[in-house]
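Q: Below are the structure tokens for one structure; questions will follow.
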Amino acid sequence: MNEKQSPIRLHSHMAAMLALEQAIGQRIEHLLSQVTHNSEAVALLKDLQKLTANHRPALAARLQVVAPDVPIPETTPMAASLEGVYDSVTYPASAALISLYTLFHKAIIGYTVLMVLTRRFADSSVRSEDNTDDLVQQHLRNVTVAVQQVVRGLPGVVVAELEQAGQECQCTCPACGLGICLCAVSTRRALGMAWTDAGPVYMPEGIVVVHPRSGSGAAKAGFQKGNVVVAVDGKAIESLPMLQETIGNHGSGEEIDFQVQQSSGESVDIRAVRP
């Protein structure tokens, strides 16, 4: 493997994620000692601790297998200071969740990048059952759940802080006016609606081709960056798994007929040979 193809970025990014996971674990440990007065926050932090407990040892073990000489960063950037934005002294429980939310979002971004790298450098289940991509997918799911748990729990934690400070609900909606405060519940509902309205990250907008690998069957057949795969063997392609399955049904050396849409909007037929 030449220098251009060397997975240096993959392994250095794994090391950076290992440092970030260590920072998250240390942050949760520290925050647990700071919010003992708020049972909602304590319960949530313990759930987050359990959810992510295996991340650091699993990443460390995998990095030891694929790149044992890659150095682990001693520190990783922590959440931005809340000073001047949020009173962490008066409201330590909600401030704790906000700082964790920032770290978990960094983890989502980091694992997203790492997943692309594992696949580009063939460290996935396509190459071997023992791979980094499966690990990254699980960790990405966990930190995404962690973000949802923080957002779901934050309104209740804020209400608990207000109650402890003696601040009663002043909302005049029918339920709150009666004395049944729904401020936390209604906030969670509004957040859920906002996320639903934003839509999913993945949209079935078509299979857009990036620059084909040099010397590959697609490159030889004439695929170009920006082509959109519309159909294969006369069958409309509606999803990524469908494309994978249709190509996989062909053996090595067999021809595959593609219908693609070019950036000009013109539809053309391309025949490629599976290696």
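Q: Any chance you could count how many residues in region 239-255 are of a type in the set (Gly, Ala, Ser) and either closer than 14 Å to residue 218 by Cβ or surrounded by 12 or more Cβ atoms within 10 Å (Cβ to Cβ) (or both)?
A: 0
Q: I need every pair where a residue in region 99-119 that is farther than 22 Å from residue 26 by Cβ has its Cβ under 7 Å from the Cβ of a residue that is among the basic types (Lys, Arg) and surrounded by fewer than 19 Cβ atoms within 10 Å (Cβ to Cβ), sequence separation at least 6 or different chains.
A: Close Cβ pairs satisfying both conditions: 117/9.
Q: Give 30, 13 a once-over and let me know the one that is in a helix (DSSP H, G or I) and within 18 Å of the chain's Cα centre (by Cα).
A: None of the others qualify; the one that does is 13.
Q: Given the conditions (1) surrounded by 10 or more Cβ atoms within 10 Å (Cβ to Cβ); (2) farther than 30 Å from residue 153 by Cβ, and given that residue 176 satisfies all but one, which numbered condition is not satisfied?
A: (2)
Q: Just name the residue that is surrounded by the fewest Cβ atoms within 10 Å (Cβ to Cβ) out of those in region 113-130 that are in contact with a helix residue (DSSP H, G or I) (Cβ under 7 Å, 6 or more places away or on another chain) and of a type in the set (S, T, N, Q).
A: Looking at the filtered set, the residue picked out is 125.
Q: Okay, moving on. (1) touching a residue at least 12 places away in the same chain (Cβ under 8 Å); (2) within 22 Å of residue 51 (Cβ to Cβ); (3) among the charged types (D, E, K, R): which one isn't true of residue 123, the others all being true?
A: (2)
Q: Then there's this: Out of the residues in region 218-234 that are surrounded by fewer than 16 Cβ atoms within 10 Å (Cβ to Cβ) and within 27 Å of the chain's Cα centre (by Cα), which is farthest from residue 262 (Cα to Cα)?
A: 225
Q: So for region 181-195 (the condition being modelled with pLDDT under 90, more than 30 Å from residue 112 (Cα to Cα) and either outside the structural domain of residue 94 (by TED's automatic domain parsing) or not acidic (Asp, Glu) (or both)), does at least one residue qualify?
A: no
Q: Follow-up question, since we're still on this one. If we keep just the residues of region 188-217 that are of a type in the set (A, V, I, L, M) and closer than 30 Å to residue 157 by Cβ, which is surrounded by the most Cβ atoms within 10 Å (Cβ to Cβ)?
A: 191
Q: crowded, with 16+ Cβ neighbours inside 10 Å, outside the structural domain of residue 149 (by TED's automatic domain parsing) and assigned to a strand (DSSP E or B), is that true of residue 260?
A: yes
Q: Could you give me the residue pairs with C-beta distances under 9 Å whose first residue belongs to region 130-156 and is farther than 21 Å from residue 91 by Cα and not assigned by TED's automatic domain parsing to the domain that holds residue 46, whose second residue is modelled with pLDDT under 95 and surrounded by fewer than 17 Cβ atoms within 10 Å (Cβ to Cβ) wherever it lies, and which are 6+ apart or on separate chains?
A: none
Q: Considering region 263-275 alone, what residues qualify as being buried (at least 16 other Cβ atoms within 10 Å of the Cβ) and either free of Cβ contacts under 8 Å to residues at least 40 places away in the same chain or part of a loop (DSSP other than H, G, I, E, B) (or both)?
A: Answer for region 263-275, where residues must be buried (at least 16 other Cβ atoms within 10 Å of the Cβ) and either free of Cβ contacts under 8 Å to residues at least 40 places away in the same chain or part of a loop (DSSP other than H, G, I, E, B) (or both): there is none.
Q: Name the residue that is surrounded by the most Cβ atoms within 10 Å (Cβ to Cβ), counting only residues in region 33-74 that are assigned to a loop (DSSP other than H, G, I, E, B) and β-branched (Val, Ile, Thr).
A: 35
Q: Find the residue count for region 122-154, including only residues that are modelled with pLDDT of 95 or more and basic (Lys, Arg).
A: Qualifying residue count, region 122-154: 1.
The values are calculated or read from the model by the stated rules, or taken from the named source; none is laboratory data. All figures in this text were calculated on a predicted structure; none of them were measured in a lab. Here Cβ is always computed from backbone atoms with ideal geometry, including for glycine, and neighbour counts include all displayed protein chains.
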